[in-house]
1. Select, from 149, 171, the only residue that is within 17 Å of residue 85 (Cα to Cα) and either aromatic (Phe, Trp, Tyr) or free of Cβ contacts under 8 Å to residues at least 60 places away in the same chain (or both).
2. Being among the acidic types (Asp, Glu) and over 20 Å from residue 40 (Cβ atoms) is true for just one of 88, 172, 151. Which residue is that?
3. Tell me, which residue of segment 146-171 that is part of a strand (DSSP E or B) and hydrophobic (A, V, I, L, M, F, W, C) is surrounded by the fewest Cβ atoms within 10 Å (Cβ to Cβ)?
4. Quick one: residue 182 ticks every box in (1) touching a His at 6+ places or on another chain (Cβ under 6 Å); (2) surrounded by fewer than 14 Cβ atoms within 10 Å (Cβ to Cβ) bar one, so which box is it?
5. Search segment 153-173 for residues being in contact with a helix residue (DSSP H, G or I) (Cβ under 8 Å, 6 or more places away or on another chain) and among the aliphatic types (A, V, I, L, M), and hand back the single one that is farthest from residue 63 (Cα to Cα).
6. Counting only residues that are outside any helix (DSSP H, G or I) and without any contact (Cβ under 8 Å) to a residue 24 or more places away in the chain, which one in segment 61-118 is surrounded by the fewest Cβ atoms within 10 Å (Cβ to Cβ)?
7. Could you grab me the full set of residues in segment 119-130 that are in a loop (DSSP other than H, G, I, E, B) and more than 9 Å from the ligand (Cβ to nearest atom)?
Amino acid sequence: MNFFAYFLLLIILIVFGLNIWLISLFFVWLFRKDKAAPYVWSFRKELLLMKENLHLEKGKKLVDLGCGDGKALRFFVKTFGIQWFWYDINIFAITLGKAFNRWFGFRKSVFLEKKNFMNVDLSTFDYIYVYLLPAQLAFIEDWVWNNMKKDAIIIANSFQFKNHVPFEVTKDKKGKWCIFLYKK
Ligand SMILES: C[S@@+](CC[C@H](N)C(=O)[O-])C[C@H]1O[C@@H](n2cnc3c(N)ncnc32)[C@H](O)[C@@H]1O
């Protein structure tokens, strides 16, 4: 075999290996008991809706429960000037987030930690942002309501909590319910 054939074989093996790896990860996630949300960042459409409709107070503290690479947090800092705190259990998302922060010049205003957010003291935050799947929202619902500050506001992107009714809902142009605000 010449060099080109070896190179082609290597590429095929890498692509094949990557696919197997991704499929395995998917199945590991699918059969996980807690159904924790996978690492997917907030989409531009919802971020724009929040920019137009939310009025967050500058300097207040916001925590993103499961921050991923911090896309939503960078948006909140830039748009509303809040202080941000973020936790995620996915080391890949955190490493990428640190690189993005450096790239976008957010290094100094960042508090980033690999941690299960259920070990965080929620009572110190004015805003709690969640972009998690309904099963996980149901799983953390009591914990959030029992531990949040009295006047904190929860901002839920795309998915609702099971047992609480939002005091405000933002719809998109097609009338779909997108952003849900909750209080105690
Ligand atoms: C859908 S992503 C949301 C990312 C980010 N909040 C955003 O809006 O761009 C959900 C993230 O939550 C993280 N996550 C799920 N359960 C968690 C837990 N118990 N503690 C910390 N992070 C968690 C996942 O690793 C994933 O990165």
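1. Details: 171 fails: within 17 Å of residue 85 (Cα to Cα).
Just one listed residue meets the conditions, 149.
2. Values: 88 fails: over 20 Å from residue 40 (Cβ atoms); 172 fails: over 20 Å from residue 40 (Cβ atoms).
Step by step, each of 88, 172, 151 is checked, and only 151 is among the acidic types (Asp, Glu) and over 20 Å from residue 40 (Cβ atoms).
3. The initial filter retains those residues of segment 146-171 that are part of a strand (DSSP E or B), namely 153-157, 168-171.
From what is left, the residues that are hydrophobic (A, V, I, L, M, F, W, C) are 153-156, 169.
Details: 153: 22, 154: 24, 155: 23, 156: 21, 169: 14.
Among those that are part of a strand (DSSP E or B) and hydrophobic (A, V, I, L, M, F, W, C), it is 169.
4. It is condition (2) that residue 182 fails.
5. Here is the first cut: in segment 153-173, the ones in contact with a helix residue (DSSP H, G or I) (Cβ under 8 Å, 6 or more places away or on another chain) are 154-164, 170, 172.
From what is left, the residues that are among the aliphatic types (A, V, I, L, M) are 154-156.
Working: 154: 10, 155: 10, 156: 12 Å.
Taking the candidates together, the pick is 156.
6. Initial filter on segment 61-118 (outside any helix (DSSP H, G or I)): 61-70, 81-90, 105-106, 110-116.
Then keep just the ones that are without any contact (Cβ under 8 Å) to a residue 24 or more places away in the chain; that gives 81, 105.
On the way: 81: 13, 105: 9.
Only one residue fits best here, namely 105.
7. Narrowing segment 119-130 to residues in a loop (DSSP other than H, G, I, E, B): 120-121, 125-126.
Result: 121, 125, 126.
Here is a yes/no grid of residues against (1) out of contact with any strand residue (DSSP E or B) (no Cβ under 8 Å at 6 or more places or on another chain); (2) within 15 Å of residue 67 (Cα to Cα); (3) modelled with pLDDT of 90 or more; (4) not acidic (Asp, Glu):
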{"residue": "87", "(1), (2), (3), (4)": "no, yes, no, yes"}
{"residue": "91", "(1), (2), (3), (4)": "no, yes, no, yes"}
{"residue": "94", "(1), (2), (3), (4)": "no, yes, no, yes"}
{"residue": "103", "(1), (2), (3), (4)": "yes, no, no, yes"}
{"residue": "108", "(1), (2), (3), (4)": "yes, no, no, yes"}
{"residue": "121", "(1), (2), (3), (4)": "yes, no, yes, no"}
{"residue": "124", "(1), (2), (3), (4)": "no, no, yes, yes"}
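The values are calculated or read from the model by the stated rules, or taken from the named source; none is laboratory data. The model shown is predicted, which means the values in this text are computed figures rather than measured ones. Neighbour counts run over all protein chains shown; Cβ positions are idealised from the backbone, glycine included.
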